[in-house]
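The values are calculated or read from the model by the stated rules, or taken from the named source; none is laboratory data. In this text, all values refer to a predicted model and were calculated from it rather than measured experimentally. As a convention, Cβ positions derive from the backbone with ideal geometry for all residues, glycine included, and neighbour counts pool all protein chains shown. In case anyone asks, the SASA skips ligands and DNA or RNA and just uses the protein heavy atoms, side chains included. Shrake-Rupley method; radii C 1.70, N 1.55, O 1.52, S 1.80 Å.
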Amino acid sequence: GLDNFKFLIKSGTLWTITRNTLLYNIVFIITGNILEVTVAILISRMITKIYKKTLQAVMFLPYFVSSVILGVLAYNLFGYDHGLINSFLTKIGAEKLDIYNTPKYWPIIITITYLIKNVGYGMIIYLSAITGINEEYYEAAQIDGANIFQQVRFITLPLLKPTFITLLIYSMG
């Protein structure tokens, strides 16, 4: 019943939990949207269609992986006794790191795993918005002497603004 809520309020950790949740979400929203837009722009500028499609599939694949499986992968990567990183460190003669049991590493680990899992999904949405931009804008910019960075800054990014705002509102929800 309500005993769990009583325990939560009496324990004094409610503020810490709320603060951490808000801070994680702010980091996820900011870094996620920046990476999604960047990756979408980079993929849209690729010349070869095979590389485009392959990279899209590879980037989108982690979205379908369960969070439990990501947790197992993190354990196998950062575990003290048998983790991949510590196995590598011992082979090169370095000292083991207790990454998995050290709290200071976890904000970075959580952020990176979240981004690996979710950037592909947002990238697909931004990529579809970029695909909808009329090529005549880019052709006119090339004729006017705009390089690729100027085309991205003055054409792609302004035309992605409605998509960015929509995804920002969704992520805040």
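Residues that are closer than 30 Å to residue 161 by Cα, loosely packed, with under 15 Cβ neighbours inside 10 Å and more than 12 Å from the chain's Cα centre (by Cα): does segment 1-15 have at least one?
No, segment 1-15 contains no residue that is closer than 30 Å to residue 161 by Cα, loosely packed, with under 15 Cβ neighbours inside 10 Å and more than 12 Å from the chain's Cα centre (by Cα).
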(request) Please work out which one of (1) among the aromatic types (Phe, Trp, Tyr); (2) open to solvent by less than 50 Å² (accessible area, probe 1.4 Å); (3) farther than 30 Å from residue 155 by Cβ is the condition residue 28 fails and give its number. (result) (3)
(message) Residues to consider are 165, 110, 130; find the one that is within 14 Å of residue 37 (Cβ to Cβ), modelled with pLDDT of 90 or more, open to solvent by less than 70 Å² (accessible area, probe 1.4 Å) and not in a loop (DSSP other than H, G, I, E, B).
(response) 130
(request) Using the structure shown, decide if residue 121 is open to solvent by 30 Å² or more (accessible area, probe 1.4 Å), more than 15 Å from residue 40 (Cβ to Cβ) and hydroxyl-bearing (Ser, Thr, Tyr). (result) no
(message) Can you pull out every residue in segment 79-99 that is aliphatic (A, V, I, L, M) and surrounded by 14 or more Cβ atoms within 10 Å (Cβ to Cβ)?
(response) 85, 89, 97, 99
(request) Give segment 31-45 a look and list any residue that's open to solvent by 60 Å² or more (accessible area, probe 1.4 Å) and not basic (Lys, Arg), or say none. (result) 34, 35, 38, 42
(message) All but one of (1) under 28 Å from residue 167 (Cα atoms); (2) of a type in the set (Val, Ile, Thr); (3) surrounded by 11 or more Cβ atoms within 10 Å (Cβ to Cβ) hold for residue 102; state the number of the condition that does not hold.
(response) (1)
